[in-house]
Amino acid sequence: TGTTRPQRLLRAVQERATRGDSESVIAAIDHFCRHQEWAMNVGDEKGFILDSVVSEVSPQTALELGTYCGYSTVRIARLLPPGGHLITLEFNPNYAAVARQVIAWAGLEDMVQVVEGASGDWIPHLREHFGIESFDFVFLDHWKELYLPDIKLLEECGLLRKGTVLLADNVVCPGTPDYLEYVRKSQSYESHYFGSHLEYTRAEDGLEKSVYLG
Ligand SMILES: O=C(NC/C=C/[C@H]1O[C@@H](n2cnc3c(NCCO)ncnc32)[C@H](O)[C@@H]1O)c1cc(-c2ccc(F)cc2)cc(O)c1O
Ligand SMILES: [Mg+2]
């Protein structure tokens, strides 16, 4: 019973990054994934696109589906405006435990709430539990076949408002065909594809940005 990859990723952060310096945490994870072990973080190339969308939206309320080790959580939280807050849902307790430590190492624990549990169970309770009216920004990076059911649930729960920006990872690799068809065909969304590459590789992948029109 050795360590898990997320635990080895966390150790790389604690050994290489400076406490409280979110840029060094991001760099340490990218270094680990390029030179030690590949891991399914959004990565630096797609991460740069994520940064630009988060900076443009400057969300007061943000939601992430699928925390994993907290890499994209740190990328988003470091760019939140004053008073901004990010809720990230993660149903694997071991991943959640690693993510909390990565987020704390980056010094961003005050802006982030890691919620342990399944998105389908939690989304209907976010308003009552966290006093959220609606989300300004949603990052989707959990199981790919759940992107579509989860945004439909967000719609039904009234957690999207005119102008809410959804950003979805992996719409090419592994791919999210039903989600893509829905947001690109629906009159309720204005969608745009940002071509890029699968994290730390030369394979094609990209992010889909979809603005909810109400
Ligand atoms: O599969 C990928 N991501 C999945 C992420 C899952 C994380 O999200 C958590 N999670 C899952 N479902 C839920 C849920 N709700 C569902 C339960 O109700 N509620 C809350 N949290 C959830 C998991 O516990 C993980 O922490 C992926 C693959 C490749 C890839 C590409 C090419 C390859 F060759 C290999 C791999 C690249 C990527 O960027 C990828 O994101
Ligand atoms: Mg991903």
Near pairs, Cβ below 6 angstrom, 6+ apart or cross-chain, from region 132-151 (under 16 Å from TYR182 (Cβ atoms)) to any residue that is within 9 Å of ligand 1 (Cβ to nearest atom) and part of a helix (DSSP H, G or I): LYS144/PRO174; ASP150/SER119
May I ask you to list the residues in region 162-204 that are within 18 Å of LEU146 (Cβ to Cβ) and within 12 Å of ligand 2 (Cβ to nearest atom)? LEU167, ALA168, ASP169, ASN170, VAL171, VAL172, CYS173, PRO174, GLY175, THR176
Here are some residues: THR67, THR18. Which one is assigned to a loop (DSSP other than H, G, I, E, B) and within 22 Å of TRP143 (Cβ to Cβ)? THR67
Selected residue [touching a strand residue (DSSP E or B) at 6+ places or on another chain (Cβ under 8 Å) and in a strand (DSSP E or B)] from ILE132, ILE151, ILE103, ILE87: ILE87
Yes or no: LEU50 within 13 Å of ligand 1 (Cβ to nearest atom), part of a helix (DSSP H, G or I) and aliphatic (A, V, I, L, M)? yes
Against the condition at negative phi, within 16 Å of ligand 2 (Cβ to nearest atom) and surrounded by 13 or more Cβ atoms within 10 Å (Cβ to Cβ), how does CYS157 come out, does it pass? no
Hey, does region 86-106 have a residue that's within 15 Å of ligand 2 (Cβ to nearest atom) and surrounded by fewer than 20 Cβ atoms within 10 Å (Cβ to Cβ)? yes
From GLU116, GLU109, which residue is among the acidic types (Asp, Glu) and farther than 23 Å from THR18 by Cβ? GLU116
Test of understanding: among GLY163, GLY206, which residue is touching a Cys at 6+ places or on another chain (Cβ under 9 Å), closer than 22 Å to PRO59 by Cβ and not polar (S, T, N, Q)? GLY206
I want to confirm something. Restricting to region 27-54 and keeping residues that are under 14 Å from the mean Cα position of the chain (by Cα) and open to solvent by less than 10 Å² (accessible area, probe 1.4 Å), which single residue is nearest to ligand 2 (Cβ to nearest atom)? VAL42
Region 130-173, residues that are away from ligand 1 (no atom under 15 Å from the Cβ) and farther than 18 Å from TYR189 by Cβ: PHE130, GLY131, ILE132, GLU133
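The values are calculated or read from the model by the stated rules, or taken from the named source; none is laboratory data. What you see is a predicted model; the values in this text were computed from it and never measured. Here Cβ is always computed from backbone atoms with ideal geometry, including for glycine, and neighbour counts include all displayed protein chains. When the accessible area is computed, the model is the full protein with side chains, heavy atoms only, and any ligands, DNA or RNA have been set aside. Shrake-Rupley method; radii C 1.70, N 1.55, O 1.52, S 1.80 Å.
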